[in-house]
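The values are calculated or read from the model by the stated rules, or taken from the named source; none is laboratory data. What you see is a predicted model, and the numbers here were worked out from it, not measured in a lab. Cβ atoms come from the backbone with ideal geometry, glycine included; neighbour counts cover every protein chain shown. SASA here: full protein model, heavy atoms, side chains in, ligands and nucleic acids out. Shrake-Rupley method; radii C 1.70, N 1.55, O 1.52, S 1.80 Å.
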Amino acid sequence: QVQLVESGGGLVQPGGSLRLSCAASGSAFSRNLMGWYREAPGKQRELVAALTSGNKTNYATSVKGRFTISRDNAKNAVYLQMNSLKPEDKAVYYCNRVLGEKYNWGQGTQVTVSS
């Protein structure tokens, strides 16, 4: 079973940037389409960025043009570059599969955007 460990979150001012990392164990990782999800207080977890087949990317409207997802299969890692952060981006961010049964969720990484 793949284990996921997210990191890179923190407190940043509006307009700032963060780069999140997701480290995955397990050899099956590279064959799976991965995405970044977030869960804001009082809201359902949502998919905000995904790597689709053919290494294409797909983004939620709310983050399009500001967030960039990428992966490094050699390192079993997925990244989320977040620019022009807004207070509404505050959430716990998780990575996981996009399709099929999800891996066990990691602990996530907290992102707080505040002045």
Calculate one ³J(HN,Hα) per residue across region 84-100 by plugging θ = phi - 60° into the Karplus curve 6.51 cos²θ - 1.76 cosθ + 1.60, and present them in order as whole Hz with x for glycine and proline. 6, 5, 10, x, 6, 7, 4, 4, 8, 9, 10, 10, 5, 5, 8, 10, x
Enter the accessible area per residue of the chain (Å², integer; probe 1.4 Å; all protein chains in place). 53 Å²
Under the rule that an exposed site lies in a DSSP loop and has at most 16 other Cβ atoms within 10 Å, name the longest stretch of the chain with no trypsin sites (Lys or Arg not before Pro) of that kind, not counting the sites themselves. 1-42
Who wins for biggest fluctuation among GLN13, GLN44, GLN81 in a Gaussian network model of the chain, springs between alpha carbons below 10 Å? GLN44
What residue among GLY42, GLY16, GLY26 shows peak mean-square fluctuation when the chain is described by a Gaussian network model with Cα springs under 10 Å? GLY42
Local net charge near VAL78, Cβ-Cβ under 10 Å (Lys/Arg +1, Asp/Glu -1): 0
Accessible surface of region 22-112, 1.4 Å probe, proportion on carbon and sulfur as whole %: 46 percent
